[in-house]
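The values are calculated or read from the model by the stated rules, or taken from the named source; none is laboratory data. Quick caveat: nothing in here was measured; it's all calculated off a predicted structure. FYI the Cβ positions are ideal-geometry reconstructions off the backbone, even for glycines, and counts take in every protein chain you see.
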Amino acid sequence: MTSSDSGGRERILDSAGRLFAALGYDGTSTRMIAEAAGLNVATVAYHVGGKRDLYLAVMERAHLAERAALEDALAEVDLSPAGLLTLVDRYIDFCVDNPEIPALWMHRWLSDASDVAHLEEQYVRPLTDMVVDVAGKIVPDDVDLEYVVWTVVWCTHGFFCGGVLDGDGHRHGRDDRRELARFRAHIRRLVASAIGMPAQAV
């Protein structure tokens, strides 16, 4: 693949990722992706393939980015309760930097791309298992770590995609620094409580 081919593919995947995150797989057409990339449908097909190929490539790219970030974080944080809270912070930071990734998975939770199976088994399960295995070395056996991990994922994806309403009914989310700080503090307290960490240590 030449550098121009590689650049064209990345531009297409960037456009496809934004559209799939905003509209879902079912709400996005190949023509829309081609227009967003400034190309024609034939060129998109040449570089990546059809809509399903585009979606699979976008989801694989999202997974590789998330896995790399998680592996880096696990290699750097202390194996301690405080280190687990730092891991939570790193996950939130990753979602701040890559907001399309929580959106892509939120669409799947709502049965988007239901005919594209096995992505959760292929991409999600290995990452959650990785965190559970590491945390299990320092967290009491009576803690349901799988649910702790999923609670962080559910809350983070929900906040990033839906935000929180203020008293006037206005929605605030990841772009609001104050609300993001409140959310981060809440998740840290939630995880600390779940793993039996003293409140004063959070």
Completion exercise
Exactly one of 181, 192 is of a type in the set (A, V, I, L, M), in a helix (DSSP H, G or I) and exposed (fewer than 13 other Cβ atoms within 10 Å of the Cβ), and that residue is 181
Completion exercise
Restricted to the stretch 150-178 and to residues being among the β-branched types (Val, Ile, Thr) and surrounded by fewer than 16 Cβ atoms within 10 Å (Cβ to Cβ), the residue farthest from residue 129 (Cα to Cα) is 164
Exercise for the section: Would you check if there is a residue in the stretch 2-11 being farther than 30 Å from residue 138 by Cα, modelled with pLDDT of 95 or more, of a type in the set (Ser, Thr, Tyr) and not in a helix (DSSP H, G or I)? Expected result: no
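Among 73, 16, which is the only one that is under 30 Å from residue 129 (Cα atoms), surrounded by 14 or more Cβ atoms within 10 Å (Cβ to Cβ) and free of Cβ contacts under 8 Å to residues at least 40 places away in the same chain?
Values: 16 fails: free of Cβ contacts under 8 Å to residues at least 40 places away in the same chain.
Only one candidate qualifies: 73.
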Exercise for the section: Residues being hydroxyl-bearing (Ser, Thr, Tyr) and either surrounded by fewer than 20 Cβ atoms within 10 Å (Cβ to Cβ) or without any contact (Cβ under 8 Å) to a residue 24 or more places away in the chain (or both): count how many of those fall in the stretch 31-65. Expected result: 2
Problem - Residue in the stretch 32-42 that is in contact with a Lys or Arg (Cβ under 9 Å, 6 or more places away or on another chain) and within 21 Å of residue 119 (Cα to Cα) present - result: no
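Inside the stretch 126-143, can you point out the residues that are surrounded by 13 or more Cβ atoms within 10 Å (Cβ to Cβ) and touching a residue at least 40 places away in the same chain (Cβ under 8 Å)?
Looking only at the stretch 126-143, we keep the residues that are surrounded by 13 or more Cβ atoms within 10 Å (Cβ to Cβ), and these are 127-128, 130-132, 134-136, 138-139, 143.
Hits for the stretch 126-143 are 127, 130, 131, 134, 135, 138, 139, 143.
To keep it simple, each residue is scored yes or no on (1) assigned to a helix (DSSP H, G or I); (2) basic (Lys, Arg); (3) closer than 21 Å to residue 21 by Cα.
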{"site": "113", "(1), (2), (3)": "no, no, yes"}
{"site": "124", "(1), (2), (3)": "yes, no, yes"}
{"site": "129", "(1), (2), (3)": "yes, no, no"}
{"site": "137", "(1), (2), (3)": "no, yes, no"}
Practice task
Can you confirm whether the stretch 111-121 contains a residue that is more than 23 Å from residue 59 (Cα to Cα) and out of contact with any Lys or Arg (no Cβ under 6 Å at 6 or more places or on another chain)?
Solution key: no
